[in-house]
Amino acid sequence: HTAATTTTPPTTTHNHAPNPARGPCGVTRRWRRGRRTGFILSSFFIGYACTQVLGGWASSVYGGKPVLGLGVFFWSLWTILTPPAAAAGLPVLIACRILMGVAEGISLPTMHQITAVWVPPNERSRFVAFITSGQYVGTVGAMLCAPMVAESWPSIFYLFGVIGMVWC
């Protein structure tokens, strides 16, 4: 017999084939739970994508500061309402996430309108780089501090929602 037909025993400690539905440590995950999580997470982006053009238009008509202030206020409100929405059920949570996306979707075009009006032309590139990197720094900072302040998962939503309200 040749080397091609020789088999070696598996190095794993279990006797069954790997199951793609198993996660780390062999924990079985249900497909519906994954689909549900996917719907919840993607629902934010449905709302977010729908208001990009609207945010640019509104900020050019009404001014960037009030439009951004309203956006932050409402996305902070929907952040605070996320735990009660989750308790009310999946459709209510998905609606809450869509509305949060609607409110947050106006922020990026509004920030660019504010930049065009308030920042001198020779400083705009640096300013856009600063605010864009600030979004990532804020995300990393939130992820780092969230475990330290979490008494329970709803407290994170309440904390960040209140911070947004105070910023308004």
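The values are calculated or read from the model by the stated rules, or taken from the named source; none is laboratory data. Only a predicted model underlies this, so the values are computations on that prediction, with no experimental measurement involved. Just the protein is used for accessible areas: all its heavy atoms, side chains included, with ligands, DNA and RNA removed. Shrake-Rupley method; radii C 1.70, N 1.55, O 1.52, S 1.80 Å.
What list of ³J(HN,Hα) couplings, whole Hz, do you get for region 111-120 from phi and the Karplus terms 6.51, -1.76, 1.60, once you set θ to phi - 60° and write x for glycine and proline?
Taking θ as phi minus 60°, the curve returns 5, 6, 5, 4, 4, 5, 8, 9, 9, x Hz for region 111-120.
Could you quote the convex hull projected area for region 36-168, Cα atoms only and averaged over all directions, in nm²?
8.4 nm²
If you count only protein heavy atoms with a 1.4 Å probe, what accessible area per residue comes out for region 18-168, rounded to a whole Å²?
65 Å²
Output wanted: per-residue J couplings in Hz (rounded whole) for region 130-143, from phi through Karplus 6.51 cos²θ - 1.76 cosθ + 1.60, θ = phi - 60°, x for Gly and Pro.
Once rounded to whole Hz, the list reads 5, 6, 5, 5, x, 5, 6, 5, x, 5, 5, x, 5, 5.
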